[in-house]
Amino acid sequence: MRKLMATVAFGGLAVIMASTAFAADSRFPTKARTYRTFFVRAFDQCTPAGLSVVSPGLGGAFGCFAATTTTDTPPPGDPLGASMSFSRILIKRYPAAGGQGRLSFFGKGFQAGQRVKVGLTLRTTRSGLSTKNPIGSNKTVTFADVSVTCGTPNSGCFVANSRGAIAGNQLLTACLTQNGQPTGLAAENVEILSASLINCDTNKTIAIPGILN
Amino acid sequence: MSKRIRAVVAAGIVAALGMIVVPSANAQVAFPKRAKQVKFWLARAMDPCTPGSLSVLGAGVPGTGCFQTNTVTDGTTTMRYGKIVIGKNGRIALSGAGFTFGDVFRVRLQLRITKQGLTTKNPTGSNKNVTFADQAVDCPPSPSAFTVRPNGSIATHTDLATCLAPYSGLAGGATAAQPNNIEIVDASLVSVLTGKIIARPGILR
């Protein structure tokens, strides 16, 4: 009898533990309205190699002289490089019912005629889909990450006016289309893994999200 | 005469090339004048997909994909919505709802910080711009964490200097006129209980 009770108790415990472990609850949030950020200048990644900083508050931290070799160098270092006094992006669900998404870019301090584009890496998960291999219906599917560049109207780029300002916007669906991607990747749970501002003429990164502090 | 003109033109070209080359080696790239805030609503984090044999039917979606999984990401935490705001003063605020009372979270950031006007050794220098190795930090740092209220909501904040300790000097510039250029390479919301990413910046239909 004791053995039987122990077995039942152990079995019950195992069932409870298993159900807890597999109680997946990664449903989509009910709202995620905007991705809004200013951009700061992008610098090359640093792998410290001997340079030490003796300024106070840094505890002798190691670093590298700020470099822009793999990132965009503004003029006069590179005549095709981009100057920038500030810029920001806003990506939001659009229209109100969602499904398309809209990206707005605004910036100042560029060279007149400067061409820039916004780079995004997205991971989209959609619900209620039908599948084959295996056959299924009403399934939730995550798609492979896609990297796209958004901009309009000049060959996929935003263009600075004569005063060095840029104000442009593009539907996320249109951006996906111009990158050869299906528009359905703009809907439902869209993770923005990375965002950057890219110089269309050098193809180097000018800036990424951040703050000046 | 034409030889002299040619020589002058050649000298001009050499000088111009010199002007192009020298600044790229020595000039310090100016920071933007303004970058006030980063405001991310959070989408649910899912495992990455390397498409196999699964075909997806339907218009407007890729033909291949993966069933949603949360093996390397968190699949147990409930979340109705969440938002991360990082302000100019280094204040990191987290708000959200639909969590479970007692859940504990941290905001995980990967930062690339460039600081201006520094003095250096090896080589010795002054008034230099220095980029530091990328910093992966949890905010607030362990053992602290953001705790969900009894009603399942969260509204709390910490600051960048606390997260970056012992290098708190990386959080802010020496003066207001000499701010740090803080690139946010990556941001996510992490469950302390599972150690996995719950959510990332994104938008939702």
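The values are calculated or read from the model by the stated rules, or taken from the named source; none is laboratory data. Just so it is clear, the structure is predicted and the values come from calculations on it, not from any experiment. In this analysis, Cβ positions are derived from the backbone assuming ideal geometry, glycine residues included, and neighbour counts consider all displayed protein chains.
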- Task: Could you please find all residues in segment A:15-63 being modelled with pLDDT of 85 or more, among the polar types (S, T, N, Q), assigned to a loop (DSSP other than H, G, I, E, B) and within 29 Å of B:Val85 (Cβ to Cβ)?
- Result: A:Thr30, A:Gln45
- Of the residues B:Ala7, B:Ala30, which is at the interface with chain A (Cβ under 9 Å from one of its Cβ atoms) and modelled with pLDDT under 95? B:Ala30
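Conditions (1) under 24 Å from B:Thr64 (Cα atoms); (2) under 16 Å from the mean Cα position of the chain (by Cα); (3) not hydroxyl-bearing (Ser, Thr, Tyr), marked per residue:
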site: A:Val118; (1), (2), (3): no, yes, yes
site: A:Ser127; (1), (2), (3): yes, no, no
site: A:Gly136; (1), (2), (3): yes, no, yes
site: A:Cys157; (1), (2), (3): no, no, yes
site: A:Val190; (1), (2), (3): yes, yes, yes
- Heads up, the strands (runs of 3 or more DSSP E) in segment A:129-213 (entirely inside) with at least 3 residues that are at pLDDT 95 or above and within 17 Å of A:Arg36 (Cβ to Cβ) are A:166-171, A:189-199, A:205-212
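Checking the conditions here, which among B:Ala136, B:Ala161 is within 19 Å of A:Ile211 (Cβ to Cβ) and surrounded by fewer than 16 Cβ atoms within 10 Å (Cβ to Cβ)?
On the way: B:Ala161 fails: surrounded by fewer than 16 Cβ atoms within 10 Å (Cβ to Cβ).
Result: B:Ala136 is the single residue among B:Ala136, B:Ala161 that is within 19 Å of A:Ile211 (Cβ to Cβ) and surrounded by fewer than 16 Cβ atoms within 10 Å (Cβ to Cβ).
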- Message: Filter segment A:157-175 down to the residues that are facing another protein chain (nearest Cβ under 10 Å) and under 27 Å from A:Thr70 (Cβ atoms) and list them by number.
- Response: none
- Message: Quick test of your reading of the structure: B:Leu94 fulfils all but one of (1) under 30 Å from A:Ala66 (Cα atoms); (2) of a type in the set (A, V, I, L, M, F, W, C); (3) more than 7 Å from chain A (Cβ to nearest Cβ); (4) buried (at least 19 other Cβ atoms within 10 Å of the Cβ). Name the failing condition by number.
- Response: (1)
- Task: Using the structure shown, decide if B:Ala187 is in contact with a strand residue (DSSP E or B) (Cβ under 6 Å, 6 or more places away or on another chain), assigned to a strand (DSSP E or B), of a type in the set (A, V, I, L, M) and more than 30 Å from A:Gly128 (Cα to Cα).
- Result: no
- Restricted to segment B:145-199, and to residues that are polar (S, T, N, Q) and touching a helix residue (DSSP H, G or I) at 6+ places or on another chain (Cβ under 8 Å), which residue is farthest from the other protein chains (Cβ to nearest Cβ)? B:Thr162
- Task: Being surrounded by fewer than 16 Cβ atoms within 10 Å (Cβ to Cβ), at pLDDT 95 or above and among the small types (Gly, Ala, Ser) narrows it down to one of B:Gly125, B:Gly63, so name that one.
- Result: B:Gly63
- Task: Provide a single number: the residues in segment A:75-117 that are assigned to a loop (DSSP other than H, G, I, E, B) and surrounded by 23 or more Cβ atoms within 10 Å (Cβ to Cβ).
- Result: 7
- Residues located in segment B:55-80, provided they are of a type in the set (Val, Ile, Thr) and either within 7 Å of chain A (Cβ to nearest Cβ) or assigned to a loop (DSSP other than H, G, I, E, B) (or both): B:Val56, B:Val61, B:Thr69, B:Thr71, B:Val72, B:Thr76, B:Thr77, B:Thr78
- Message: Residue under question is B:Arg106, and the condition is that it be under 21 Å from the mean Cα position of the chain (by Cα), crowded, with 22+ Cβ neighbours inside 10 Å, of a type in the set (D, E, K, R) and within 7 Å of another protein chain (Cβ to nearest Cβ); does it hold?
- Response: no
- Could we say that B:Leu111 is more than 15 Å from the chain's Cα centre (by Cα), modelled with pLDDT of 95 or more and of a type in the set (A, V, I, L, M) here? no
- Task: Kindly establish whether A:Ile198 is surrounded by 15 or more Cβ atoms within 10 Å (Cβ to Cβ) and more than 12 Å from every other protein chain (Cβ to nearest Cβ).
- Result: yes
- Query: Filter segment A:48-83 for residues that are among the polar types (S, T, N, Q) and at the interface with chain B (Cβ under 7 Å from one of its Cβ atoms); which is nearest to A:Arg163 (Cα to Cα)?
  - Reply: A:Thr73
- Query: What is the number of the single condition among (1) on the phi < 0 side of the Ramachandran plot; (2) under 15 Å from the mean Cα position of the chain (by Cα); (3) touching a residue at least 12 places away in the same chain (Cβ under 8 Å) that B:Ala133 does not meet?
  - Reply: (3)
- Query: So which residues in segment B:152-184 are part of a loop (DSSP other than H, G, I, E, B) and in contact (Cβ under 8 Å) with a residue 40 or more places away in the chain?
  - Reply: B:Gly152, B:Ser153, B:Ala171, B:Gly172, B:Gly173, B:Ala174, B:Gln178, B:Pro179, B:Asn180
